[in-house]
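Peer 1: Take this structure first; my questions come after.
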Amino acid sequence: MAKRAKPAAKRGRAASKFPKVASGELTTLLDFVRYAVSRFNEARLVFAHGTTDPVAEAAFLVCETLHLHPDQFEPFATARVTAQEAKKILDVIARRVTMRKPAAYLVNKIYMRGLPFYVDERVIVPRSFIGELLDSHFSGQDDDDGSSLIDDPLAVENVLDLCTGSGCLAILASQSFPNAQIDAVDISKDALDVAARNIADYGLEDRVRLHRGDLFKPVGETRYDLIISNPPYVDAQGMSELPRECRAEPKLAFDGGADGLDIIRRILDQAGRHLTPQGGLLCEIGRGREALDQAFPQLPLLWLDTEDSEAEVFWIGAADL
């Protein structure tokens, strides 16, 4: 017990050095966001977990502490907070700076495509671009941004989500393809426990089935109309340079081997045997396009962009695999 007490004491000393704010000095939501941004910049925090800058992260933490959806920040920006609310906001700001954990872990929540998901240290904080691509390239409708990669989302009958983590992509897929059954696979029991909670929160137990195991092994010979995956893809150099915030996340969810392609090679090698003739694979690989193109020059990979990414996700049809 004595050993466990030491870290708590250190956190207490760190927190005691955090700037004091007198009652009434900060009054509105905007005041607390400005204060948080100043502290975040001062501490040189890293933002890579659903928010990409200190302003967005500060607004996220303030809203979550006040039980507001992020979309509700603007109409309440000049609203005053109570003394009790102010104390809670200042506490979460201090913990973000002194503990340097991802903000999502501090409030046990992250949003994807506007939907909330539960997260904790058992899973990587989801920030995949695949959710946006499901909306932009799998709607069955062509638009100015590009052509849909499927003719009819209602005709998709089954989807496989490899390395599902918190289950967020499986849940988003269930919304994009309302007639589909979703199989979600992960090797981590802890991650699947978190996924089960999110699936239950959305009442999808009958449509999203969880499987524990290594990639395709748990699903046998089943074939799918669509396989999606956001696998571990950080290379050895990237692993050695992970910021402190990312080191709070499960290493298993990041480590892609020397060149970042260990898991992706296996997915590409096996995916063709698990796709229907008209199916395809949608896979996120971060900044590994050059390494992947060199490793698989024969594959006609279609690289897809999103609002915040360029060539970090590829699509390939079953026939090309």
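Peer 1: For the chain, modelled as a GNM with alpha-carbon contacts under 10 angstrom, which of Ser166, Ser174, Ser229 fluctuates the most?
Peer 2: Answer for the Gaussian network model of the chain: Ser174.
Peer 1: Run the 1.4 Å probe and let me know the accessible area of Cys163, rounded to the nearest 10 Å².
Peer 2: Counting only protein heavy atoms, Cys163 exposes about 40 Å² to solvent.
Peer 1: For Asp71 and Gln270, calculate 0.36 nm times their separation in residues minus their Cα-Cα distance, and state this gained length in nm to one decimal.
Peer 2: 67.5 nm
Peer 1: Quick one: if the Förster radius is 41 Å, what FRET efficiency do Thr222 and Ser139 give, using the C-beta to C-beta distance and rounding to 0.05?
Peer 2: Once rounded, the FRET efficiency stands at 0.95.
Peer 1: Solvent-accessible area per residue for the chain at a 1.4 Å probe radius, Å²?
Peer 2: With all protein chains present, the chain gives 51 Å² per residue.
Peer 1: Just subtract the alpha-carbon distance of Ala295 and Ala83 from 0.36 nm times their residue separation and send over the number in nm, one decimal.
Peer 2: Residue separation times 0.36 nm, minus the Cα-Cα distance, leaves 70.5 nm.
Peer 1: Explain nothing, just the number: dipole magnitude of the chain about its Cα centre with +1 on each Lys and Arg Cβ and -1 on each Asp and Glu Cβ, in debye rounded to the nearest 20.
Peer 2: In total the dipole reaches around 2740 debye.
Peer 1: So the label point goes 7 Å from the Cα of Glu241 along Cα→C-beta, right? Which residues of the stretch 281-321 then have their backbone N under 18 Å from it?
Peer 2: 285-292, 310, 312
Peer 1: Here is a follow-up. Could you give the angle, 0 to 90 degrees to the nearest 10, between helix 83-99's Cα long axis and the longest principal axis of the Cα atoms of the chain?
Peer 2: 60 degrees
Peer 1: Okay, moving on. Can you figure out the FRET efficiency of Glu310 with Ser23, using R₀ = 41 Å and their beta-carbon distance, to the nearest 0.05?
Peer 2: 0.30
Peer 1: Also, I was wondering about something else. So, with +1 on the Cβ of K and R and -1 on the Cβ of D and E, and no other charges, what is the size of the charge dipole of the stretch 75-167 about its Cα centre, to the nearest 20 debye?
Peer 2: 1300 debye
Peer 1: Might you report the magnitude of the Cβ-based charge dipole of the stretch 163-320 about its Cα centre, with Lys and Arg at +1 and Asp and Glu at -1, to the nearest 20 debye?
Peer 2: Using Cβ point charges on Lys, Arg, Asp and Glu, the stretch 163-320 gives about 540 debye.
Peer 1: Based on alpha-carbon centroids, what's the gap between the stretch 226-247 and the stretch 102-159 in Å, whole number please?
Peer 2: So the two Cα centres are separated by 18 Å.
Peer 1: Run lengths n ≥ 4 of DSSP H only: what is the helix-derived mean residue ellipticity at 222 nm for the chain, with -39500 (n - 2.57) per run over all residues, to the nearest 500?
Peer 2: Value at 222 nm, helices only, nearest 500: -11000 deg cm²/dmol.
The values are calculated or read from the model by the stated rules, or taken from the named source; none is laboratory data. Because the structure is predicted, anything quoted here is derived from the model rather than measured. So basically every Cβ, Gly included, is an ideal-geometry build from the backbone, and we count neighbours across all protein chains shown. SASA here: full protein model, heavy atoms, side chains in, ligands and nucleic acids out. Shrake-Rupley method; radii C 1.70, N 1.55, O 1.52, S 1.80 Å.
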